[in-house]
Structures are given as structure tokens and as C-alpha cells.
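The values are calculated or read from the model by the stated rules, or taken from the named source; none is laboratory data. Being a predicted model, the structure only gives us computed values, none of them experimental. Here the Cβ is made from the backbone with ideal geometry for all residues, glycine too, and neighbour counts use every protein chain on show. Remember, those area values only see protein heavy atoms, side chains included, never the ligands or the DNA or RNA. Shrake-Rupley method; radii C 1.70, N 1.55, O 1.52, S 1.80 Å.
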Amino acid sequence: MVPRFGHGRGIRVTAAAGEQGTPWQRLQVLPRLVGLLWRTSPIITTLIALLTLGWGLQTVAQVHVLRRLVETAQAVLAGTAPVTLALLWGGALGGLALLNKVNGSLLAQLSDRQQEVLRRAIERRCYAHAQATPLEQLEWAEHYDHLQRAREGTEQHLFSSMRRLWGRLTALVTLISLLIYVGQFHWGLPLLLAVGATPGALIYMHLSRQRYRLDRKHTHDERRLTMFTGLLTGRAAAAEIRLFGFGGWLVDQADQLWRKLRGERLGLAMSEARLSVVEGVVNNVAYLAAMVFSIWLLAHGHASIGAYAAFFVAIERFALEYSKLLRDMADAHNDLRYVYDFFAFLEGPRVDLEQGRRQPGRVSRGIVFDDVSFTYPGSEQPALADVNLTIRPGERLALVGENGAGKTTLVKLLMGLYQPTEGRILVDGVDLRDLAPGDWYRRFGTVFQDFLRYQTSVRDNITFGWVEGAAEEAALSDAVARSGADEVVATLPDGLDTVLGKEFHDGHELSVGQWQKLAIARAYFRPAEILILDEPASALDAKAEAAVYGHFAQLAAERTVVLISHRLGSCRIADRILVLQKGRLVEAGTHADLVAEGGAYAELFQLQAAWYR
Ligand SMILES: Nc1ncnc2c1ncn2[C@@H]1O[C@H](COP(=O)(O)OP(=O)(O)OP(=O)(O)O)[C@@H](O)[C@H]1O
Ligand SMILES: [Mg+2]
């Protein structure tokens, strides 16, 4: 898909300072919204459209029936018409009022139903989009602002704009029919009403734009406020906050933010209040003028008393509906700003995981880093610079280096999670960028350095590594045994089915090292061709650590393994050790070679060895 709003894979979506899109672009969102409604609920949409049309015509019908009723009543008084005829018109008026109620209630029900269907459809699209968003995109704060706006925009404005769409149609039908009706008496009347209601609508539109701009300006601070409240109320930071005693500081920060946001919102509310008084005055002057004009028409014999009664109601309804329509249009125009943000978010950069070349079978010749450099979005310094490296199939590699040397970055590039900013990675001679990402990801089993703790069963925590194989019990027990997670499982009341975590159920809590064993089991469970172990033993006890590295040594030769570790002793078993320093590959060789070379590795190794002497 070619992004219309977005700017291609992995490139920052910059938001204009004020708002996104021109009024014309925003208007173009309207057919898309209707298209979305049509696709998600065609029958409901048709019914709503029909009922809307019917509702719109009812006002003029009521006005006309009222006129006939008054005229008939006049004739009854003059003895030229039977009473039953007047009763009939009276009944018709009552019937119309009833129909009006039924119509309104049906419309409300259908709109509710449509809203639910639409909400579900939109959520699915949002989730699908979130999963396809390139990881580079997640490095930008703006991405989260945009996401927040898209979410809130849908919740608060998409549905209301949908309702207003129908409301506007009703009002439009009502107005046109009333216009024709009132225009019969004098063309000047509708003109007077229309001109009178316009300034108010313009004021209202101005206010809506201010409100949107303020919302947009506040998105970032609102997210920060959510972060503070999350820290203050959540479990993750509870212990540190208490122990270090910075809860009060957090409350102050939240308070300051809140005061700032509230101050600006109140300022806007004040100017809204002032302007709405002006709006009301202008509207009423126009209405009074129309009334005076209609009395003049009556007095000069341009209208019958029945017509005058109809007129009276029609003018009132016209004034009401017209200013409502203008307000509605202003609201709708404003809603479109938010809806535009939503569609713009959906059309932001995305990666189709299944699009691209598929290499049959395993990697046969190797993976080559060809002058690869990488700089994180928004960073000045490259995290990797000019890396040249060939990883042969079945090789056991160890990656070492100080904190921040670029080890994790290197494996993330290898897995295709980020794209090199310079140079390329070749898989059997094919640029990794040309391969289908999903196909490439399937080849990796990874223990991430910042592994996740899923608040669900032990089984889920492991089978998330390979959901398609969740029923493979033999593979599951194998992974559990090899990762050392069997010792954890043995202590749990329901074994593999024990629910973990405390935030959603009365689950069992594990120690950090126990969680890490599950993360290792998750990687082992996946039938992967390449294993990436990023500090897999950082939280393990000495025995468990020895076991992990023991397995590393025994892993069958058909698996390529990349191990990242600060324990240089554990790297001895690697076929090759790569040393990274400030993003550059400075040494490579076996343990013995590197120690003999007396370089950076030898120095680090001596440093660590000294502790064990
Ligand atoms: N998301 C990010 N955005 C910007 N810079 C980053 C990001 N992640 C890492 N870096 C920077 O990239 C460099 C390499 O980080 P990396 O995580 O690859 O180091 P590492 O060798 O894995 O370190 P460690 O031993 O601490 O895990 C560091 O200077 C770090 O500050
Ligand atoms: Mg790291």
C-alpha cells in the first residue's frame, strides 16, 4: 500500500504545528467515513438514511397540517365545513407527532447499533496498524501523540460526527422543505432568517477551531499526566516510590501539569462564554425581525390566519433548524479534524510482514553485514558504524563489549527489526530489505535482554514463542527442561497451567530469574534456525547460568547461535568471539586467539579473571 498521509517505511511522520491537512483534505475524509459505514453495516446504514429522510420531511408535513387545521377550524366556525373534518386534521397532527417519536427512537437505536459495529471495526484496524508499524516509528514521541489523538479522536469525534452526519441530513431536508414552504409567502423571510443566523455560526466555527488547536497542543502533556498517574497508582514503581520517597514530587509534577492544562482550558471556556452571548443576541434580533415581518404580511392581507399560524411555527422551526444546521456543520467540520487525524494515523508508515521475497530452506551461504551503520531515529551518534561481518550457518558466535557498545543493536538489525541506515545485510546474497519480514522473523528464537513477563499462564508464556505449535507437548517439555524452567514449574501449584502475575488474577509471582527461565524456554520452544541469546543469564544463579551455557555448547550444529554476554568465561565455547567498541567491530577470533592478541578482549578477560583468583 502506498501511504498517502504517511511517508514510507520507517520515516518520521512530522505533524504541522497547527493542524494536519487543509480544509479540502479534511472534507475528503467524509466519503471515506461514509464508505466505512457502508462496508461495516450496509443494512443499518440504508435504514438510517431512509428514516433520516422521513424525519426531515415531517416538520414541513406538521406545519402544513397545522395550517389546514386552523383553516378548517375557521370554516367550521363559519359553518362551511363539518366538525369531523377539523377533527380529522387534528388527528392527523397527533398521528404525525407520534410518528415523529417512533422515528426518532428507531433512529437512536439504529445509530447505537451502528456505533458498536463501527467501534469494533475501527479497533481491529487500529490493532492491525499498530502491529504493522515499523519499530523505528516507535522511537518518536510524536508517534505516541498521534496515536493518542487517533484513539481519542475516534472515541470522542468519529461517532459524534457519524451521528451529526445523519442529523445534518435531517436538518437539510427539513430546511429545504421549510424554505420552499415559507418562501411561498414571501422570499424575503427565509433570506432574513438565513442572514440572521450566519454570524452566530461563524463565531461557533471559530470556537471549534480554537478547541481543536488546544486539544492538539495538550496531547503531549496529557500523555505525561497519564504517565505520572500510572507511576503513582501502578505496581511497577510502587516499591521504589515508597523507598526513595519521591511520590510527593510526582504528585507535584502531576499537579503542575494539571493546573497548566486547566488554566488554558478555562481561558478558552471564558472566551466561548463571551462569544456565545454575542451569538445569541444576533440570532434573536433576526428572529424578532422575521416575526415583525410576518405580522406585517398578515396585517396587509398577504396571508390567511391559518397560513399565519403555519408561518409562525415554520419561522420558529426554520430559525431553530438553520442555526442548528450551521452549528452542526461547524461541529462536523471540527470533527473532521479529528477523523482526519485518525485516517492519517492509519495511513502512517507500515510494513507488510508477508510482502517480499521468500528464501526456500535454511540460510546456506551465510549472512553478511556489508559496511553496516545504524543510527537510532532522533540520535546524533551512530549505535553501529561500518560493521563488516559474515555469519556462517551453524556458527556459534559470542558478542562482547561494554554497555552501550551496540551488541543489542547489532542483533536487532540481524533479526530485521531495524533497517541499517547505511550499508546492507545480505542473506545468501539477497538484501534483507527485499525479504518478507514475517518469513525472516520466523527463523529466529530470541531471548531478549529486556524480556517480557506476560500476566497469563506459564504455558502461554512459553508457547507465545511459537503459537502455531502450542499443542506440541513434546517440544514444550523439551524447552522447559533445557531452559531450566522445569525447576520453576515443579514448585507451582498448577504446573504449566499456573497463572502468573498479580495485576489481573490472583496469580503466582515469580522471581526475576524464574521469569528469565521462562523467557529462555520461550525462545527454545520455537523451532528456530537462528538463536539469539541477549544476556540470557543476567538474573540466573550460578547453577542455572552454568546450565544455560552448557546448553549453548551442546546446541546442535544446524542452529546458528549468537550469544551476548558480559561473562567472558562463557564465551570460550563460541566458535568465534566478536568484540564491539563504541559501535565498531574491533576484534574477532577464538578465545585463545584473542587472549594471545592481547587486545581489548584480553584486557577485559584478565580483569574478570582476577576476581576468581
Ligand atoms: N532506542 C534507542 N534510541 C536511541 N539510542 C539508543 C536506543 N537504544 C540504544 N541506543 C544507543 O545505542 C547504543 C548501543 O546500544 P545497545 O543497546 O546496542 O548497547 P549494548 O551493547 O547492547 O549495551 P548493554 O550491554 O548495556 O546491553 C547506546 O549508545 C545507546 O545509548
Ligand atoms: Mg544490550
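With all protein chains kept in place, the per residue accessible area of segment 23-346 amounts to 52 square angstrom at a probe of 1.4 angstrom. When peptides 193-203, 102-112 are sorted by average Cβ neighbour count within 10 Å, with the highest value leading, the order is 193-203, 102-112. Could you run the Debye sum over the Cα atoms of segment 346-406, one equal point scatterer each and no solvent, and tell me log10 of I(q)/I(0) at q = 0.13, 0.16, 0.20 Å⁻¹, two decimals? Relative scattering, expressed as log10 I(q)/I(0), comes to -0.62, -0.88, -1.08. Coupling constants for segment 241-248 follow from the phi torsions by the Karplus curve (6.51 cos²θ - 1.76 cosθ + 1.60, θ = phi - 60°), and in residue order they are 4, 5, 5, 7, x, 9, x, x Hz; glycine and proline get x. Using the alpha-carbon atoms, what tilt in degrees (0 to 90, nearest 10) does helix 473-483 show relative to the longest principal axis of the chain? Once rounded, one gets 60 degrees. Each 10 Å bin, from zero up to the one with the longest distance, holds this percent of the alpha carbon pairs of segment 23-346: 5, 18, 24, 22, 15, 9, 5, 2, 1, 0. Packing order of peptides 27-35, 358-366, highest average first: 27-35, 358-366 (average count of other Cβ atoms within 10 Å over each peptide's residues). This model, with +1 at the C-beta of Lys and Arg and -1 at the C-beta of Asp and Glu, gives the chain a dipole about its Cα centre of some 1900 debye.
Give me the percent of the accessible area of segment 23-346 that comes from carbon and sulfur atoms, probe 1.4 Å, all protein chains in place.
Values: 11300 of 16880 Å².
The value for segment 23-346 is 67 percent carbon and sulfur by accessible area.
Using the heavy atoms of the protein chains and a 1.4 angstrom probe, tell me the accessible area per residue for segment 504-589 in square angstrom. List each step's numbers first, then the result.
Numbers: 3360 Å² over 86 residues.
Heavy-atom accessible area per residue stands at 39 Å².
Shown in residue order for segment 287-292 are the 3J(HN,Hα) couplings computed by the Karplus curve 6.51 cos²θ - 1.76 cosθ + 1.60 at θ = phi - 60°: 5, 4, 4, 5, 5, 4 Hz (x for Gly and Pro). Partner lysines whose Cα lies under 16 Å from the Cα of Lys543, excluding those fewer than 8 positions away in the same chain, are identified as Lys517.
Here's the list of aspartates and glutamates a cross-link from Lys582 could span, going by alpha-carbon distance under 12 Å and ignoring same-chain residues fewer than 8 apart: Asp386, Glu402. For segment 23-346, the relative contact order is 35 percent, taking Cα pairs closer than 8 Å that sit 6 or more residues apart in sequence and dividing their mean separation by the residue count. Each Cα pair under 8 Å and six or more residues apart adds its separation to the average, and for the chain the resulting relative contact order is 16 percent. Ranked by the mean number of other Cβ atoms within 10 Å of their residues, highest first, the peptides 242-252, 209-219, 274-284 fall in the order 209-219, 274-284, 242-252. Taking all protein chains as shown and a probe of 1.4 angstrom, Thr491 keeps an accessible surface of around 100 Å². Taking the protein heavy atoms of segment 453-528 in the context of the full set of protein chains, the accessible area attributed to carbon and sulfur is 51 percent at 1.4 Å.
For the residue pairs Lys260/Lys412; Lys217/Lys412; Lys260/Lys502; Lys217/Lys324, the alpha carbons lie more than 31 Å apart in Lys260/Lys412; Lys217/Lys412; Lys260/Lys502.
Here's how it looks for Arg357: its modeled amide H is under 5 Å from those of Leu435, Ala436, which are all 5 or more places away or on a different chain.
Helix 188-233 and the longest principal axis of the C-alpha atoms of the chain enclose an angle of approximately 20°. If you wrap segment 453-528 in the convex hull of its Cα atoms and look at it from every side, the mean projected area works out to 4.5 nm².
Compute and list, largest first, the equivalent-ellipsoid semi-axes of the chain from the alpha carbon gyration tensor, each √(5λ) rounded to a whole angstrom.
On the way: eigenvalues 995, 127, 109 Å².
Ellipsoid half-lengths, sorted descending, are 71, 25, 23 Å.
For the chain, the longest principal axis of the Cα atoms and the long axis of helix 42-78 meet at an angle of about 20 degrees.
Of the Cα atoms belonging to segment 107-171, the radius of gyration and Dmax stand at 14.9, 47 Å.
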